[in-house]
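Here the structure comes first, spelled out in structure tokens, and everything after it is commentary.
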Amino acid sequence: MPKHGKDRTHSKRSRANPMAAMMEGRQQGFTFNKTFGQHILRNPLVVKSIVEYAAIKPTDVVLEIGPGTGNLTQKLLETAKKVIALEYDPRMIAELHKRFQGTELIHKLQVIHGDAIKLKFPFFDVCVAN
């Protein structure tokens, strides 16, 4: 096992073969496009640690780059004043809307569709990504 516990052969294969990348994601129940760097943060302890290290205050506007299905977004919404989520994949945007519609957190969420490298960022206090 490599030093950081991550098998790097998957990422090399993903860049060389987009179909292999999609198959890797499919094993987790959703077809991810690893060529976009898509992965899903599922470990609640990691989510908690990210939010704690970011030292988010209840008055903060948080910019989240690549929210995916919203596991980190959920905790950010519970902690911050507002979360602006930048997502490239329309499927993930649909998942975010589905996850938070009908909840008290939806009014604190703004989703922007686009490539974070090309977009002009709105005002924010803290930027979080995984």
Using a probe radius of 1.4 Å on heavy atoms only, what accessible surface per residue do you get for segment 34-111? Whole Å² is fine.
53 Å²
Using a probe of 1.4 angstrom, how much of the accessible area of segment 39-111 is carbon and sulfur, in percent?
56 percent
Measure of exposure for Phe121: accessible area at 1.4 Å probe, Å² rounded to 10, is 80 Å²
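Sort His107, His97, His113 by heavy-atom solvent-accessible area, probe 1.4 angstrom, most to least. Present the calculation step by step, with values, prior to reporting the outcome.
Values: His107 145, His97 85, His113 110 Å².
Reading off the accessible areas and sorting them downward yields His107, His113, His97.
Under the definition of Cα pairs under 8 Å and six or more residues apart, what whole-number percent is the relative contact order of segment 45-101?
On the way: 69 pairs, mean separation 20.9, N = 57.
Value for segment 45-101: 37 percent.
The values are calculated or read from the model by the stated rules, or taken from the named source; none is laboratory data. None of these values were measured; they are calculated from a predicted model. Calculation scope for accessible area: heavy atoms of the full protein, side chains included, ligands and nucleic acids excluded. Shrake-Rupley method; radii C 1.70, N 1.55, O 1.52, S 1.80 Å.
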